[in-house]
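Asker: Structure provided below as structure tokens; questions to follow.
The values are calculated or read from the model by the stated rules, or taken from the named source; none is laboratory data. Keep in mind that this is a model prediction, so the values were computed, not measured. Every residue, glycine among them, receives a Cβ derived from its backbone with ideal geometry; neighbour counts consider all protein chains shown. Surface areas here come from the heavy atoms of the whole protein model, side chains and all, with no ligands, DNA or RNA. Shrake-Rupley method; radii C 1.70, N 1.55, O 1.52, S 1.80 Å.
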Amino acid sequence: MNSSNLLSITTFIYGLAAFLYIAAMVFKKPLILKPATWTAITGCAVNAAGISMRWIESYKLGIGHAPLTNLYESLIFFALVIVLLYLIIEHKYKYNLLGAFITPLACLAMAYASLSPNINDRIQPLIPALQSNWLIAHVVACFIGYAAFAISFGISLAYLLKKKQGSKNFFNHFPDADILHELNHQLIIFGFLFLTIGIITGAVWANSAWGRYWGWDPKETWSLVTWFVYATLLHARMTRGWTGKRIALLSMVGFLAVLFTYFGVNYLPGLHSYGVLEKTISP
Amino acid sequence: MNKNNKNSKNVINRLWSFFVSVKLTVFLLLTLAATSIIGTFIPQNQSPAAYISTYGETVYRIFSFIDIFDMYQSWWFRCLLLLLVINIIICSMDKLSSVWKIVFVKNPKFNISRFRNLSLKKEFVTSSATEALLDKYKKDISKNFKYIKVNKTAKGFCLFAEKGRWTRLGVYIVHFSVLLLLLGGLVGSIFGFEGYINITEGETKQIIRLKTAGEVYKLNFGIRCDFFKVSFYDSGAPKEYRSGLTLIEQDKPVLQQDIKVNVPLRYKGINIFQSSYGSVPPRYAALNFLSNESGMQYHEKAEFGQEINLPENSGKLIIKKFTRSSNFMGHNMGEAFLATLILKDKSPVEIILPARFPNFDKMRKGALIISANSPPYYTGLQVTHDPGVWLVYSGFIAMIIGCCITFFMSHQSICLEVTRKGKKNIVMVAGTANKNRLGMKNKINKLAKRFETI
Ligand code: HEM
């Protein structure tokens, strides 16, 4: 059993958890929710085991480093944090139906990591620009933030659907709209704090690697755009006229900005700094 | 005169109410987000020729007129930031005076009827004696709350407690940190510089090229590159770039240090970073020959295109050219000399002499193992000076601390009212917080439950 096997299995476990949560919601069978939660917990454990294995394997290859250094590794870490954070919320507030909106995101992230032909899942040695402890802090903070925003996206979707459908159908098992709104806010401030830390650690890393903390490269700029969107959201709550609905929409726009920062930027002209550095530094 | 005065007051009032509003903040933040995107789709700071070939002459003229090609330094982008700064300052001035009064009050006043009307409230009945209750409750609450005040009433007592008054200032720390960041950036852009310099191994240089095209800057010291080394993983990916540097002041070496990517050198406010490298195009190849038969080593310089005689009279060699990246069966071999080898009584063969792999030629299984020294490298350094960095870093720290205070701490006050009724006591627990009401509700419920049992 190696890390790739464990991580492939994780994809299926998350898929099963998503299926159970959605089935519980659609067929109004709260009994299924317990197994759904246990499935999610199992997935989380296997996911964590997979990441740890990968870490150990990298040392066995003689190029040991924390598995947080490329798109594949960040995606599997992203999935882990989403489910972990969700399970904590579920445990704390007992709103287990929300899993129907959140576990599919984790499953998608895992599936994309394993199936996309553009993503290399080999364990690679660290190029010089990535040999920095700031990198670890940067990636961990960013992905905790992104995971909180992903969950906020799921909650916003649930909120909008609940508002739209009223109490006619399965959404009346959901928490009240007000509670969803409040929970959403808690996640957004949590995510905002970690995005802030992520951007800051990134800036400090850039300053230690090539002497400038900010260079307006597309990835940096898009993370700032995301930050602006969520800062707007925090302030919009204080102006009248910005109802829960608009806030939920803005949170979803914010998550789209997250996704673009993460994936879309690769299709833009120019590269993220360490890419640029590698380009200029390689003969 | 009077009218004029009134008018100017009116204008000031209007400006004030314009800049005080959070609506403006929402507008500015959204506009900054939207406009920042432009510069990610249109590459910045390229040559006019590149732009003209992509966008055409007319579009190029329009875009460069509104500074689209250097938009983050443009007057309109700076204007947006300036508006944000004024917005933050005015807004903070407006709110801070009233918040200050709340935070630094000597004797906070409590209003029992306000607590009675709260929705976050629990009530229960207990048979313990009033005095005993006061002691117990006070002891319990003082664990969590710093400020406690007890008022005796006709039928019992009221206990007020609160904490976290100062956390109301957290949001001002966040806003102040934004100002620090922008100020730091401004200081850096006015008083700092960013430049580049390429230094060949063995050479000393003092003048750097600045990022702003065409300008140069003379450092107070010289930089000598003692060596440059690059090493690779087996896969061919780069592992380490390392430059040995010596700083020279008035002809004396003052500092000697190796730098790597992520490990820069800092001296008197100047930072030196590893940023690129290359090899100086060679005019000849320095060749080494190892004879399998005699075990002898030979060295020879070979000019391009010139035929040289191999040692031990075994044939001839012509160095054809030098390449930055050679290829052997799909592997990138890096820098190499390409040569034609004409062994005695054999037809000429093409061989590769990669500078990184001196043993490569062993594979040919010839009588001589031929290798070429790598031509001298130059190291590409980025040299920066930014006196605003400490402001920016202070801003970073302030922002994280401010966010933690604002998001996760609050000004909480609670009130316990105990009223005798016959032999029993009625206890009311109520509380408020300026944030996170969901959390406060849980707290009041827990507190009431605990007090019911003690
Ligand atoms: C990039 C700029 C800014 C950032 C990062 C920022 C950040 C924040 C944060 C994190 C909060 C706390 C929100 C919460 O508790 O949910 C906040 C609150 C607030 N901000 Fe800003 N802000 C910025 C600009 C501004 C500006 C320009 C104004 C001017 C009107 C402003 C006015 C306020 C007000 C009035 C509050 C509420 C304070 C309170 O709760 O009493 N902010 N801001």
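Asker: Condition first: more than 14 Å from chain A (Cβ to nearest Cβ) and within 11 Å of the ligand (Cβ to nearest atom). Now tell me which residues in the range B:395-429 satisfy that.
Answerer: Keep residues of the range B:395-429 that are more than 14 Å from chain A (Cβ to nearest Cβ), which gives B:411-429.
B:H411 - this is the single residue of the range B:395-429 that is more than 14 Å from chain A (Cβ to nearest Cβ) and within 11 Å of the ligand (Cβ to nearest atom).
Asker: I need the full set of residues from the range A:243-256 which are in contact with a Ser or Thr (Cβ under 6 Å, 6 or more places away or on another chain) and surrounded by fewer than 22 Cβ atoms within 10 Å (Cβ to Cβ), in order please.
Answerer: Here is the first cut: in the range A:243-256, the ones in contact with a Ser or Thr (Cβ under 6 Å, 6 or more places away or on another chain) are A:248, A:251-252.
A:M252 - this is the single residue of the range A:243-256 that is in contact with a Ser or Thr (Cβ under 6 Å, 6 or more places away or on another chain) and surrounded by fewer than 22 Cβ atoms within 10 Å (Cβ to Cβ).
Asker: May I ask you to say which residue of A:V140, A:V204 is outside the structural domain of A:L75 (by TED's automatic domain parsing) and more than 15 Å from the chain's Cα centre (by Cα)? Spell out the reasoning first.
Answerer: Details: A:V140 fails: more than 15 Å from the chain's Cα centre (by Cα).
Every option except A:V204 fails the conditions.
Condition check ((1) facing chain B (nearest Cβ under 10 Å); (2) over 19 Å from B:T31 (Cα atoms); (3) at pLDDT 90 or above) across all residues:
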| site | (1), (2), (3) |
| --- | --- |
| A:I200 | yes, yes, yes |
| A:W205 | yes, yes, yes |
| A:W227 | yes, no, yes |
| A:F255 | no, no, yes |
| A:I281 | yes, yes, no |
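Asker: List the helices (runs of 4 or more DSSP H) that sit entirely inside the range B:1-117 and contain at least 2 residues that are over 34 Å from the mean Cα position of the chain (by Cα).
Answerer: Fully inside the range B:1-117 and qualifying: B:2-19, B:57-65, B:75-103, B:112-116.
Asker: In the list B:G164, B:G184, B:G156, which residue meets the criterion of being within 30 Å of B:S113 (Cα to Cα) and either open to solvent by 60 Å² or more (accessible area, probe 1.4 Å) or within 16 Å of the ligand (Cβ to nearest atom) (or both)?
Answerer: Working: B:G184 fails: within 30 Å of B:S113 (Cα to Cα); B:G156 fails: either open to solvent by 60 Å² or more (accessible area, probe 1.4 Å) or within 16 Å of the ligand (Cβ to nearest atom) (or both).
Testing whether each residue is within 30 Å of B:S113 (Cα to Cα) and either open to solvent by 60 Å² or more (accessible area, probe 1.4 Å) or within 16 Å of the ligand (Cβ to nearest atom) (or both) leaves just B:G164.
Asker: Taking B:G295 as meeting all but one of (1) within 49 Å of the chain's Cα centre (by Cα); (2) without any contact (Cβ under 8 Å) to a residue 24 or more places away in the chain, write down the number of the exception.
Answerer: Failed condition: (1).
Asker: Looking at (1) out of contact with any helix residue (DSSP H, G or I) (no Cβ under 7 Å at 6 or more places or on another chain); (2) at pLDDT below 95; (3) in a helix (DSSP H, G or I); (4) more than 8 Å from every other protein chain (Cβ to nearest Cβ), which is the only condition A:H181 fails?
Answerer: Condition (1) is where A:H181 drops out.
Asker: Also, I was wondering about something else. Tell me which residues, restricted to the range A:207-225, are facing chain B (nearest Cβ under 7 Å) and within 18 Å of the chain's Cα centre (by Cα).
Answerer: Residues satisfying the conditions are A:W222, A:L224, A:V225.
Asker: Does B:G402 satisfy the condition of being of a type in the set (G, A, S), within 30 Å of B:L180 (Cβ to Cβ) and under 44 Å from the mean Cα position of the chain (by Cα)?
Answerer: Values: of a type in the set (G, A, S): yes; within 30 Å of B:L180 (Cβ to Cβ): yes; under 44 Å from the mean Cα position of the chain (by Cα): yes.
Here the answer is yes, as B:G402 does meet what is asked.
Asker: Return yes when B:E335 is among the acidic types (D, E) and either surrounded by 12 or more Cβ atoms within 10 Å (Cβ to Cβ) or free of Cβ contacts under 8 Å to residues at least 24 places away in the same chain (or both) and no when it is not.
Answerer: Working: among the acidic types (D, E): yes; either surrounded by 12 or more Cβ atoms within 10 Å (Cβ to Cβ) or free of Cβ contacts under 8 Å to residues at least 24 places away in the same chain (or both): yes.
Spelling it out, B:E335 is indeed among the acidic types (D, E) and either surrounded by 12 or more Cβ atoms within 10 Å (Cβ to Cβ) or free of Cβ contacts under 8 Å to residues at least 24 places away in the same chain (or both).
Asker: Filter the range B:407-454 down to the residues that are of a type in the set (G, A, S) and over 17 Å from B:S127 (Cβ atoms), then identify the one that is nearest to the chain's Cα centre (by Cα). Lay out the reasoning, then the answer.
Answerer: Keep residues of the range B:407-454 that are of a type in the set (G, A, S), which gives B:410, B:413, B:422, B:430-431, B:433, B:439, B:448.
With the extra rule that they be over 17 Å from B:S127 (Cβ atoms), the set shrinks to B:410, B:413, B:430-431, B:433, B:439.
Details: B:S410: 29, B:S413: 39, B:A430: 45, B:G431: 41, B:A433: 35, B:G439: 33 Å.
Checked the range B:407-454; the qualifying residue nearest to the chain's Cα centre (by Cα) is B:S410.
Asker: Suppose we keep only residues that are touching an Asp or Glu at 6+ places or on another chain (Cβ under 9 Å) and aromatic (F, W, Y) within the range B:189-213. Which one would you say is farthest from B:P253 (Cα to Cα)?
Answerer: B:F191
Asker: Still on this model: Examine the range B:441-454 for a residue that is in contact with a Ser or Thr (Cβ under 6 Å, 6 or more places away or on another chain) and either over 30 Å from B:L181 (Cβ atoms) or within 14 Å of another protein chain (Cβ to nearest Cβ) (or both), and state whether such a residue exists. Quick ask: steps written out before the conclusion?
Answerer: Residues of the range B:441-454 in contact with a Ser or Thr (Cβ under 6 Å, 6 or more places away or on another chain): none.
Checking the range B:441-454: not a single residue is in contact with a Ser or Thr (Cβ under 6 Å, 6 or more places away or on another chain) and either over 30 Å from B:L181 (Cβ atoms) or within 14 Å of another protein chain (Cβ to nearest Cβ) (or both).
Asker: A further question follows. Take the residues of the range B:408-441 that are open to solvent by 60 Å² or more (accessible area, probe 1.4 Å) and at pLDDT 90 or above: which is nearest to A:L187 (Cα to Cα)?
Answerer: Step by step, filter the range B:408-441, then rank; the result is B:F408.
Asker: I'd like the full set of residues that are open to solvent by 30 Å² or more (accessible area, probe 1.4 Å) and either away from the ligand (no atom under 16 Å from the Cβ) or touching a strand residue (DSSP E or B) at 6+ places or on another chain (Cβ under 9 Å) (or both), limited to the range B:15-43.
Answerer: Passing the criteria: B:I37, B:I38, B:F41, B:P43.
Asker: Let me ask another. Look at the range B:304-317 and say how many of its residues are open to solvent by 40 Å² or more (accessible area, probe 1.4 Å) and either assigned to a strand (DSSP E or B) or in contact with a Pro (Cβ under 8 Å, 6 or more places away or on another chain) (or both).
Answerer: We begin by selecting, within the range B:304-317, every residue open to solvent by 40 Å² or more (accessible area, probe 1.4 Å); these are B:304-307, B:309, B:312-313, B:316.
In the following step, the residues that additionally are either assigned to a strand (DSSP E or B) or in contact with a Pro (Cβ under 8 Å, 6 or more places away or on another chain) (or both) were identified as B:307, B:309, B:316.
Of the residues in that region, 3 qualify.
Asker: Another question, if that's okay. Within the range B:218-238, count every residue that is assigned to a strand (DSSP E or B) and either crowded, with 17+ Cβ neighbours inside 10 Å or more than 10 Å from chain A (Cβ to nearest Cβ) (or both).
Answerer: Within the range B:218-238, the first condition is being assigned to a strand (DSSP E or B), and the residues that meet it are B:218-232, B:238.
With the extra rule that they be either crowded, with 17+ Cβ neighbours inside 10 Å or more than 10 Å from chain A (Cβ to nearest Cβ) (or both), the set shrinks to B:218-230, B:238.
Counting residues in the range B:218-238 that are assigned to a strand (DSSP E or B) and either crowded, with 17+ Cβ neighbours inside 10 Å or more than 10 Å from chain A (Cβ to nearest Cβ) (or both) gives 14.
Asker: Restricting to the range B:187-207, name every residue that is within 30 Å of A:F228 (Cα to Cα) and either within 16 Å of the ligand (Cβ to nearest atom) or among the charged types (D, E, K, R) (or both).
Answerer: Narrowing the range B:187-207 to residues within 30 Å of A:F228 (Cα to Cα): B:187-194.
B:E194, the sole residue that qualifies.
Asker: Condition first: of a type outside the set (G, A, S) and more than 15 Å from the ligand (Cβ to nearest atom). Now tell me which residues in the range A:222-245 satisfy that.
Answerer: Step one: list which residues in the range A:222-245 are of a type outside the set (G, A, S), which gives A:222, A:224-230, A:232-235, A:237-240, A:242-243, A:245.
If the condition is that a residue be of a type outside the set (G, A, S) and more than 15 Å from the ligand (Cβ to nearest atom), then A:W222, A:T243, A:K245 are the ones that fit.
Asker: Assuming B:F193 fulfils every condition listed in (1) over 30 Å from B:S47 (Cα atoms); (2) in contact (Cβ under 8 Å) with a residue 24 or more places away in the chain apart from one, which condition is it?
Answerer: (1)
Asker: While we're here: Which of (1) in contact with a helix residue (DSSP H, G or I) (Cβ under 8 Å, 6 or more places away or on another chain); (2) part of a helix (DSSP H, G or I); (3) not basic (K, R) does A:P67 not meet, given it meets every other one?
Answerer: (2)
Asker: List the number of the failed condition for B:L210; all other conditions in (1) within 14 Å of chain A (Cβ to nearest Cβ); (2) within 16 Å of the ligand (Cβ to nearest atom) hold.
Answerer: Condition (2) is where B:L210 drops out.
Asker: Would you confirm, using the coordinates I've provided, whether A:I51 is open to solvent by 50 Å² or more (accessible area, probe 1.4 Å) and touching a residue at least 40 places away in the same chain (Cβ under 8 Å)?
Answerer: Values: open to solvent by 50 Å² or more (accessible area, probe 1.4 Å): no; touching a residue at least 40 places away in the same chain (Cβ under 8 Å): yes.
Against the criterion (open to solvent by 50 Å² or more (accessible area, probe 1.4 Å) and touching a residue at least 40 places away in the same chain (Cβ under 8 Å)), A:I51 does not qualify.
Asker: Residue check, A:A206 against (1) within 13 Å of the ligand (Cβ to nearest atom); (2) surrounded by 22 or more Cβ atoms within 10 Å (Cβ to Cβ); (3) farther than 18 Å from B:A34 by Cβ, all met but one. Which one?
Answerer: Tallying (1) within 13 Å of the ligand (Cβ to nearest atom); (2) surrounded by 22 or more Cβ atoms within 10 Å (Cβ to Cβ); (3) farther than 18 Å from B:A34 by Cβ, A:A206 fails exactly one: (1).
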